[in-house]
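The structure appears below as structure tokens.
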Amino acid sequence: MGHLDHAAFGWLTPVLSYAMACIGAALGLRCTVRALGAGGRSRRNWLITAASAIGTGIWTMHFVAMLGFAVSGTDIRYDVLLTVLSLLVAMVFVGAGVFAVGYGKDRTRALLTGGLATGLGVAGMHYLGMAALRLHGQVHYDPVLVTLSVVIAVAAATAALWAGLNIKSPVAVAIASLVMGAAVSSMHYTGMASVSVDVAPSGADLPGATAMQFIFPLAVGLGSYLFITAAFVALSPTARERAEYASAEQLASAP
């Protein structure tokens, strides 16, 4: 059985992956808050932005953490198609969750439905990403820890959506984002703790791309997207600010 190292670069990948999860959660919560204060096309656009931010943050967290994953006795490659598909799964399921919250009439039902969809999307992204692993050997999972990781994902997603519905102030959103980032990281490393590998040494070439060839550039690109989105959200006026601007213009134009 091969020795698994989840932090081949020391604390760099766990800390950086946690930061990406927090940034994605913070953006998603802020966009959800904006969506709930808007209507029509604006609400839809804010919810799409929230889904892309949370999905991108979770995916980037997972694969930045995977940059530090190594197994003694074998190289590791990643199937490109499955890796990209895991990103799409995250965005679609998170989108279903935030739209359920954004348009649900019954808040409790919307929260439970949205939390379940989002949590399953997070877990699906994780295990689909793990299915993209290519190595010399066989990967096994502890079903108890797999189940626990899915429960953590659903609980974390439900808590995040609850925060989006009930927390409005930037400071409270920041605190909720730190908690959400910790929950997502806990889900990831719980899932990784379920993994064991029976290595079968071989000189054959592995299919797929190395982490540095594919995942690192994509993670950097998605991380840049998160920072650009953060700037957009920070500079975009809230519904209250737009109302105040409109009121000020009416007063200024009044005779």
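The values are calculated or read from the model by the stated rules, or taken from the named source; none is laboratory data. Note that this is a predicted model, so its numbers are computed, not measured. Using ideal geometry, Cβ is built from the backbone for each residue, glycine included, and neighbour counts are taken over all protein chains shown. Each accessible area value is taken on the protein alone, full model and side chains, heavy atoms only, with ligands, DNA and RNA left out. Shrake-Rupley method; radii C 1.70, N 1.55, O 1.52, S 1.80 Å.
Side notes on the structure shown:
- Residue match in the stretch 199-209 (condition: of a type in the set (Gly, Ala, Ser), under 23 Å from residue 142 (Cα atoms) and surrounded by fewer than 18 Cβ atoms within 10 Å (Cβ to Cβ)): yes
- Meets criteria (at pLDDT below 85 and closer than 27 Å to residue 209 by Cβ) for residue 69: no
- Under the condition of being in contact with a Lys or Arg (Cβ under 9 Å, 6 or more places away or on another chain) and either open to solvent by 60 Å² or more (accessible area, probe 1.4 Å) or without any contact (Cβ under 8 Å) to a residue 40 or more places away in the chain (or both), the residues counted in the stretch 117-150 number 1.
- Any hit, the stretch 43-54, residues being surrounded by fewer than 19 Cβ atoms within 10 Å (Cβ to Cβ) and of a type in the set (Lys, Arg): yes
- Filter result for residue 70 (of a type in the set (A, V, I, L, M), open to solvent by 20 Å² or more (accessible area, probe 1.4 Å) and under 15 Å from the mean Cα position of the chain (by Cα)): no
- Cβ pairs under 8 Å, 6+ apart, first in the stretch 180-195 and among the hydroxyl-bearing types (Ser, Thr, Tyr) and modelled with pLDDT of 90 or more, second open to solvent by 10 Å² or more (accessible area, probe 1.4 Å) and not in a helix (DSSP H, G or I): 189/6; 194/141; 194/142
- Scanning the stretch 224-238 for residues that are part of a helix (DSSP H, G or I) and modelled with pLDDT under 75 turns up 230, 231, 232, 233, 234, 235.
- Matching residues in the stretch 159-179 - criterion: being of a type in the set (Ser, Thr, Tyr) and either free of Cβ contacts under 8 Å to residues at least 40 places away in the same chain or open to solvent by 30 Å² or more (accessible area, probe 1.4 Å) (or both): 169
- Residues that are surrounded by 21 or more Cβ atoms within 10 Å (Cβ to Cβ), aliphatic (A, V, I, L, M) and more than 19 Å from residue 124 (Cα to Cα), drawn from the stretch 93-111: 101, 111
- Among the residues of the stretch 17-29, those that are open to solvent by 20 Å² or more (accessible area, probe 1.4 Å) and either out of contact with any Phe, Trp or Tyr (no Cβ under 9 Å at 6 or more places or on another chain) or of a type in the set (S, T, N, Q) (or both) comprise 18, 19, 26.
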